[in-house]
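Participant: Handing you a structure now.
The values are calculated or read from the model by the stated rules, or taken from the named source; none is laboratory data. Remember, it's a predicted structure, so these values are computed and weren't measured experimentally. Heads up, the Cβs are rebuilt from the backbone with ideal geometry, glycines too, and the neighbour counts pull from every protein chain shown. Side chains are part of the model used for accessible areas, which takes the heavy atoms of the whole protein and leaves out ligands, DNA and RNA. Shrake-Rupley method; radii C 1.70, N 1.55, O 1.52, S 1.80 Å.
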Amino acid sequence: MTMSFEMREIRDEGRALHWSTTSEDFGDIRVRYPADIRPKRGTAARAEGSTIPTALMISWSIFEDKPRLTGAQLSVDGREAQLRRNRWAVSRKRRALRITHDGTTYRCTAISRKRYVLTRPGLAITVTDSGIGRKRRRLLVQIDGPAEPVDISLAVLFSGVNRSHLTLGGAFRAGFSTVFNLAADNAARS
């Protein structure tokens with residue numbers, strides 16, 4: 001079973017960005033980052049909708065609107081999900097983020113900077129960010145296999161997360177960014 005839907009970018013009066021759509025199979029779906037809850041230090045992304053469970057990722061981030069994978073906490077409907085990744089791996093497959101939630105193991109793999117795939121046995125959800133400019137940006141979600149609401153929630157959530165750590169080049173850039181962010185944070189505390 002293959003299906004797809006498209007999400008559009010919407011900005012609110014503040015800095016928050018939303019991806020929003022109405023799917024025939026899954027109803028209203030929204031992804032918001034930074035989410036309306038702000039941890040003491042860091043940022044959050046939230047995926048929610050009329051029939052999908054609420055997924056929330058909170059992570060340490062000083063200057064970014066999107067949460068990073070480093071030190072991230074993920075919960076789906078208030079239940080924590082386990083996150084694992086191999087930071088030192090070279091291949092995309094081995095760098096993939098592994099998520100365990102309610103006994104199901106997912107894998108989020110970056111295909112490119114603007115494209116990723118969330119998989120579990122029997123299902124692959126590919127998400128592609130396209131377009132330039134506020135009015136032209138689109139998020140295409142392609143589902144290959146029987147998807148449940150929690151699968152959709154997790155797949156669209158990562159559109160509001162900094163996934164750069166999942167590619168080798170992005171990991172190098174993120175490493176430099178982390179060093180400079182820590183230096184700026186220490187300088188601000190002094």
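Participant: Please give the per residue accessible area of segment 101-180, computed with a probe of 1.4 Å over protein heavy atoms only, in Å².
Facilitator: Each residue of segment 101-180 exposes 47 Å² on average to a 1.4 Å probe.
Participant: Further question: Sort segment 39-125 into rounded, prolate or oblate with this rule: let a ≥ b ≥ c be the square roots of the eigenvalues of the Cα gyration tensor; rounded if a/c is under 1.5, and if a/c is not under 1.5, prolate when a/b is larger than b/c, oblate otherwise.
Facilitator: Oblate.
Participant: Treating only the Cβ of Lys, Arg, Asp and Glu as charged (+1, +1, -1, -1), what charge dipole size does segment 83-166 show about its Cα centre? Round to the nearest 20 debye.
Facilitator: Working: 19 positive and 5 negative charges, 139 e Å.
Roughly 660 debye for segment 83-166.
Participant: Counting other Cβ atoms within 10 Å, which trypsin sites (Lys or Arg not before Pro) in segment 44-110 have at most 12 and lie in a DSSP loop?
Facilitator: Qualifying residues, ordered by number: R87.
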